[in-house]
Amino acid sequence: MLQMGRKHRYCSRKRHWTCINRLFKTHATRNRCVSVGECCFEIKRNALNALIGYAQHDGNELCGVVTGSQIGENKFRISKVSPPCVIKNGHYGCKLDATQGNKFIKQDYELSGQTRFYIGEWHTHPEQNPHPSQTDYASIIKSFASAQLSVPLLIMIIVGTEHIFFNVYDGGLFKEIEPVIVE
């Protein structure tokens with residue numbers, strides 16, 4: 001059972017996110033896509049390779065955060081994925097460590113010259129072709145509602161043993177996406 005969004009219960013999430021989001025506020029644009037379907041997505045090859053390396057062939061689920069940037073009015077780039085940020089995990093579930101995730105987000109924000117920010121979360125499933133469970137959907141909805149996002153969407157990535165599932169949520173609609181790989 002994935003509990004990515006449940007991190008609020010186990011830490012002072014508002015304290016962590018508020019500090020980081022104050023930094024983003026002056027630098028990030030919150031352009032609203034007319035529809036998630038009208039948005040384009042890219043993923044950097046190094047981020048994709050990192051996700052492939054975290055595939056759960058055996059053992060417990062892993063989870064982490066995703067950073068990226070808005071590179072056009074309706075264009076977003078997935079730039080980096082954190083190493084696993086796990087408080088507790090099992091074969092079919094993972095609790096994200098918000099403290100580790102926030103540290104990664106803040107470091108990447110500063111390293112990027114304040115152009116990359118939190119845009120989503122990733123986790124693994126022990127199956128070839130992963131698809132979100134109801135718990136996965138509920139977790140992203142909860143994270144979207146509680147986070148002060150720099151962009152009006154949240155990306156959910158599920159790493160399977162052979163394929164990776166990409167989904168984006170805009171507060172009303174989930175849409176499966178196929179990001180273009182860029183160097």
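So the values come out like this:
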{"item": "Approximate shape of the range 55-165 as ellipsoid semi-axes (Cα gyration tensor, √5λ), whole Å, largest first", "result": "23, 15, 14"}
{"item": "Accessible-area value, residue 162, 1.4 Å probe, nucleic acids and ligands omitted, Å²", "result": "120 Å²"}
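The values are calculated or read from the model by the stated rules, or taken from the named source; none is laboratory data. Bear in mind that the values here come from a model prediction, so they are computed numbers and not experimental data. Heads up: the accessible areas ignore ligands, DNA and RNA and are worked out on the full protein's heavy atoms, side chains in. Shrake-Rupley method; radii C 1.70, N 1.55, O 1.52, S 1.80 Å.
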